[in-house]
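To start, the structure itself, in structure tokens.
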Amino acid sequence: MKVLSLLARVCAVLAGVILTAITLVTCFSLIGRNTIGVTLVGDYELTAVAAGAAVALFLPWCQVKRENIIVDFFTARMSDAFNSKLDRLGSLVLAAVMLLLAWRTGVGGISAFKANSTSMMLGFPEWVVYAAMVPPMILTAVIALAQTVAGNFEEQGQ
């Protein structure tokens, strides 16, 4: 579990770096637009690309920390054993969904690559974003499967 936790943490740090960089680009573009009338061409495209990759990169860490949305209104009065079984089932369902998303995202990336699909302003190849999203989705699925098998595990070495 330590390796999965470490990989999830690396993904989250990378996502944070990506979001910080895109925030700086956006600030630079806005300041330039509002002061000297010069803007960065394609800043919206860069923001969309970075946000998509960052969201996917945050997913493994969110699963390690078990910080996904849990609606416990109906299970608050249930026993810990029952809730543990529900958590395991939820992890299994999440793993299946993440594997499905990873597969379809990979197919979309291959399609974008074959079609040589690019963004409108910058000509940024769209397959790169798909490729950046697949590994964290697979990692999220592996973490969820590990939680299904091992039960609730806390992040090692907090």
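Confirm whether Leu6 is surrounded by 14 or more Cβ atoms within 10 Å (Cβ to Cβ), out of contact with any His (no Cβ under 6 Å at 6 or more places or on another chain) and without any contact (Cβ under 8 Å) to a residue 12 or more places away in the chain. Before you say what the answer is, go through the steps one by one.
Working: surrounded by 14 or more Cβ atoms within 10 Å (Cβ to Cβ): yes; out of contact with any His (no Cβ under 6 Å at 6 or more places or on another chain): yes; without any contact (Cβ under 8 Å) to a residue 12 or more places away in the chain: yes.
Considered against the rule, which asks whether it is surrounded by 14 or more Cβ atoms within 10 Å (Cβ to Cβ), out of contact with any His (no Cβ under 6 Å at 6 or more places or on another chain) and without any contact (Cβ under 8 Å) to a residue 12 or more places away in the chain, Leu6 comes out as yes.
Any idea how many residues of the stretch 12-41 are crowded, with 18+ Cβ neighbours inside 10 Å and not hydrophobic (A, V, I, L, M, F, W, C)?
Total satisfying the criteria: 1.
I need a count of the residues in the stretch 61-79 that are in contact (Cβ under 8 Å) with a residue 40 or more places away in the chain and in a loop (DSSP other than H, G, I, E, B).
2
Okay, residues lined up against (1) surrounded by 17 or more Cβ atoms within 10 Å (Cβ to Cβ); (2) in a helix (DSSP H, G or I):
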| residue | (1), (2) |
| --- | --- |
| Ala81 | no, yes |
| Ser84 | no, yes |
| Ser91 | yes, yes |
| Ala95 | yes, yes |
| Trp103 | no, yes |
| Val107 | no, yes |
| Ala112 | yes, yes |
| Leu122 | no, no |
| Ala132 | yes, yes |
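May I ask you to verify whether Ile36 is more than 19 Å from Val129 (Cβ to Cβ), of a type in the set (Val, Ile, Thr) and modelled with pLDDT under 95?
Working: more than 19 Å from Val129 (Cβ to Cβ): yes; of a type in the set (Val, Ile, Thr): yes; modelled with pLDDT under 95: yes.
Yes: the conditions hold for Ile36.
For Lys114, which of the numbered conditions (1) within 25 Å of Val134 (Cβ to Cβ); (2) under 24 Å from the mean Cα position of the chain (by Cα) fails to hold?
(2)
May I ask you to list the residues in the stretch 64-79 that are among the aromatic types (Phe, Trp, Tyr) and surrounded by 10 or more Cβ atoms within 10 Å (Cβ to Cβ)?
Start the filter on the stretch 64-79 by keeping residues that are among the aromatic types (Phe, Trp, Tyr), which leaves 73-74.
Hits for the stretch 64-79: nothing passes.
The values are calculated or read from the model by the stated rules, or taken from the named source; none is laboratory data. Everything numeric here is computed off the predicted structure, so don't read it as measured data. Reconstructed Cβ throughout: ideal geometry from the backbone, glycine too, with neighbour counts over all protein chains shown.
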